[in-house]
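The values are calculated or read from the model by the stated rules, or taken from the named source; none is laboratory data. For clarity, every value in this text was computed on a predicted model and none was experimentally measured. Cβ placement follows ideal geometry from the backbone for every residue including glycine, while neighbour counts extend to all protein chains displayed.
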Amino acid sequence: MTRTIAFANQKGGVGKTTTTVNIARAAITDHGLKVLVIDADPQGNATKVLAPDHQGSLERSLATVLDKAKSTPISEAIVASEWDGLDVVPAGSDDLADAAQSLVTMKAGRESRLKKAIAEIEDRYDLVLIDCPPSLDQLPINAFTAADGLVVVAELGQFALDGLDRLLDTIEIIQEYTNADLKIVAAIINDAQQTKRMEHWRSELASILEQLPEPVPLLDPPVQRATFIAEAQESGKGLDEWGTPKASVLHQTYVQYLTTILTSLKAEES
């Protein structure tokens, strides 16, 4: 059974792409899953990391899949990544932002175009991961409508948590109108530091998540600030390939995260 997971936060720079990429790496290396990453962010950072030869405006991309005038089958937009067992649907750069605007003028079915597209190829993959943009427009709405589970990716601090209510409100609307089965399966903290201030904001985030109708687990340990994370990502290597003990430990943390996420989804299905 294919499971689709979206990684979201309307705030930029919180590590959604880093989380998506490293969860994908954990899925293919330790879980033995066939994975598709859908880059739903016009910035195209997941594409830059996983399929660097397919950046920018393309004849076939997520942009042309969602564009109501082009409606490319998603199977034609899929490209192989740099890693065995992992494929990518490239974003399409600014074309994806234009496609999102075209969805605004659609009268019916605009929220479900990505869900319909994924249904065409879901028998080819065990896991579909969607890297969402830092917004709450038609791109994340399509991702939330298509997803079985949603992972909130966050950093700690006043500004980072201020907008969380908007994201949670949007998810509630999606659950009511377009995807009643959507479940927030986890929250992951990036760029954490061991300070009293960070511990305060961690407690604030945990409190918000615990007060939801279905409490959301805050996964431990948080991802600590480390330069090697970006260095490995920019080089196209998985943390398990980086060759340092700290990178290997962090890779296993992502393996643990994915195990928890998949277990949560299985529990919901049963």
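Computed quantities for the displayed model
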item	result
Residue in region 194-216 that is at pLDDT 90 or above and not in a loop (DSSP other than H, G, I, E, B) present	no
Elements of type helices (runs of 4 or more DSSP H) contained in region 85-151, each with 1 or more residues being within 25 Å of Ala187 (Cα to Cα) and of a type outside the set (D, E, K, R)	113-119, 138-146
Residue count, region 36-60 (criterion: under 13 Å from the mean Cα position of the chain (by Cα) and either surrounded by fewer than 23 Cβ atoms within 10 Å (Cβ to Cβ) or of a type in the set (S, T, N, Q) (or both))	2
Per-region count, region 134-151, residues within 9 Å of the chain's Cα centre (by Cα) and modelled with pLDDT under 95	0
Unique match (being modelled with pLDDT under 95, more than 22 Å from Ile184 (Cβ to Cβ) and not polar (S, T, N, Q)) among Ala80, Ala51, Ala63, Ala69	Ala69
Cβ pairs under 8 Å, 6+ apart, first in region 248-270 and under 12 Å from Val185 (Cβ atoms) and of a type outside the set (Gly, Ala, Ser), second part of a helix (DSSP H, G or I) and modelled with pLDDT under 95	none
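Listed here are the residues, each with its yes/no results for (1) more than 29 Å from Asp53 (Cβ to Cβ); (2) more than 18 Å from the chain's Cα centre (by Cα); (3) surrounded by 13 or more Cβ atoms within 10 Å (Cβ to Cβ).
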residue	(1), (2), (3)
Ala186	yes, no, yes
Glu204	yes, yes, yes
Pro213	yes, yes, no
Leu219	yes, no, yes
Ala232	no, yes, yes
Ala247	no, yes, yes
His251	no, no, yes
Gln256	yes, no, yes
Thr259	yes, no, yes
